[in-house]
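A short worksheet on the structure shown next.
The values are calculated or read from the model by the stated rules, or taken from the named source; none is laboratory data. The model shown is predicted, which means the values in this text are computed figures rather than measured ones. As a convention, Cβ positions derive from the backbone with ideal geometry for all residues, glycine included, and neighbour counts pool all protein chains shown.
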Amino acid sequence: MLTEPPRLDAAILNGARRAIEEFGWADATLERIARAAGVSRMTLHRAQASKQRVMEELSRGFEEEHRAALWPALTAEGDARARLELALGLECELAERNLALLAALDAQAHSFVFHEQDGTGLSRDAYTQPIQRLLRDGASDGSLRSTDAAETATILFNMVGLTYRHLRLGHNWTPERARRGVVAACLAGIVP
């Protein structure tokens, strides 16, 4: 029976993140990751740290960060529309904390992290389930239009993440201006 290797330590993952942010995913070699982590290439080898494994662990960490970031919106008081507005704002804050990393991922790495690999064309449930829940709650309490929750959650997740990032990096908008504009545009399409 094969056992999974232990998770990579924080120094390696932080080094990988810095290398990806500096060189992009395609050019973040294991040598560059080792240098950014302050460890030898042999240390990466002993830790079984391939680029694929680094991406898997960074992806897992991003899922955990996402889940924790959106929890306040799921447990907040108020109708679903108010809680969804909070969730979309929290999505913007999460994108802000990860701007450089997200900008450095190429299309293949971005797809691996965020897209279901089952051919549905949806974003991964780990990212859309909180939004789906709020959309269903909103349809029930009348504060949001009834929609296909999985598809609409994919649309909202991508509208927020990609548009927010583009406005911040491509247009040099402030975080507040980008958040306010993106959240308002998203809500306009689903409020009755």
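If you go through the stretch 25-66 and keep only what is at pLDDT below 90 and at positive phi, you end up with just Gln48.
Residues are listed down the side, and each one gets a yes or a no for (1) of a type in the set (Ser, Thr, Tyr); (2) more than 30 Å from Gly170 (Cβ to Cβ); (3) not assigned by TED's automatic domain parsing to the domain that holds His166:
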position	(1), (2), (3)
Pro6	no, yes, yes
Ala28	no, no, yes
Leu44	no, yes, yes
Glu64	no, no, no
Arg67	no, no, no
Ala73	no, no, no
Glu85	no, no, no
Glu96	no, no, no
Leu99	no, no, no
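Taking the stretch 166-192 as the search range and keeping residues that are of a type in the set (Val, Ile, Thr) and in a helix (DSSP H, G or I), which one is surrounded by the fewest Cβ atoms within 10 Å (Cβ to Cβ)?
In the first step, residues of the stretch 166-192 are kept if they are of a type in the set (Val, Ile, Thr); the result is 174, 182-183, 190-191.
This time we only want the ones that are in a helix (DSSP H, G or I), so: 182-183.
On the way: Val182: 27, Val183: 23.
Within the stretch 166-192, the match that is surrounded by the fewest Cβ atoms within 10 Å (Cβ to Cβ) is Val183.
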